[in-house]
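The structure appears right after this line, and notes come after that.
The values are calculated or read from the model by the stated rules, or taken from the named source; none is laboratory data. All values reported here derive from a predicted model rather than from experimental measurement. FYI the Cβ positions are ideal-geometry reconstructions off the backbone, even for glycines, and counts take in every protein chain you see. The area values use the complete protein model at the heavy-atom level, side chains included, leaving out ligands, DNA and RNA. Shrake-Rupley method; radii C 1.70, N 1.55, O 1.52, S 1.80 Å.
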Amino acid sequence: MRSAKLKIAPAWVVQPDGYGLDQGYRAMAGLLDLPRRDRPDAVLCYNDELALGALRALHDRGVDVPGEIALMGWDDLPSSGFTTPRLTSVSVPVAEVAEAAVDQLAQQIAAGRRSREHIVVPHQIVARESTRA
């Protein structure tokens, strides 16, 4: 966002107290408690469970998704394609992530030290109705 010179309000960076539906609901409710002019126009959740909870909070408050606030998750859970609107999500191959993590751990154990290597696995955005095309 910074490189695109987009505004980042500190109130938009929410650290939920967990990773589930309830936490996503509460986190989004907190954002919706901001004055309308201070709300973000898009939210990225770090998993689909949080995003699904957030989607419910948006629905309960009568917020148009994606018209007023676009919403995106991360995991691409099967249920994400069955919500209203269907949730846009980042699809990441779980097996490849697990394999890369185990390989890194084994290398670190063998070397006797930590590594700060940055690994990128193939991923893609599965665009659905919760974001604008």
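Descriptive notes on the structure:
- The number of residues in the stretch 48-76 being open to solvent by 20 Å² or more (accessible area, probe 1.4 Å) and within 13 Å of LEU21 (Cα to Cα) comes to 3.
- Members of the stretch 53-76 that are under 18 Å from GLN15 (Cβ atoms) and in a helix (DSSP H, G or I): GLY53, ALA54, ALA57
- A search for C-beta distances below 6 Å between a residue of the stretch 1-17 that is closer than 17 Å to LEU34 by Cβ and any residue that is part of a helix (DSSP H, G or I) and open to solvent by less than 60 Å² (accessible area, probe 1.4 Å), counting only pairs 6+ apart in sequence or on different chains, returns VAL14/ALA27; PRO16/GLN23; PRO16/ALA27.
- Every listed requirement among (1) open to solvent by 80 Å² or more (accessible area, probe 1.4 Å); (2) in a loop (DSSP other than H, G, I, E, B) is met by VAL102 save one, (2).
- Matching residues in the stretch 27-44 - criterion: being open to solvent by 20 Å² or more (accessible area, probe 1.4 Å), outside any helix (DSSP H, G or I) and free of Cβ contacts under 8 Å to residues at least 60 places away in the same chain: ASP33, LEU34, PRO35, ARG39, ASP41, VAL43, LEU44
- Verdict on ILE109 being surrounded by fewer than 17 Cβ atoms within 10 Å (Cβ to Cβ), assigned to a strand (DSSP E or B) and not acidic (Asp, Glu): no
- Contact map, the stretch 106-133: first residue of a type in the set (Val, Ile, Thr) and at pLDDT below 90, second residue open to solvent by 100 Å² or more (accessible area, probe 1.4 Å) and not in a loop (DSSP other than H, G, I, E, B), Cβ cut-off under 6 Å, separation 6 or more or different chains; the map is empty.
- Residues in the stretch 15-24 that are out of contact with any Asp or Glu (no Cβ under 8 Å at 6 or more places or on another chain) and either open to solvent by 60 Å² or more (accessible area, probe 1.4 Å) or not in a loop (DSSP other than H, G, I, E, B) (or both): GLN15, ASP17, ASP22.
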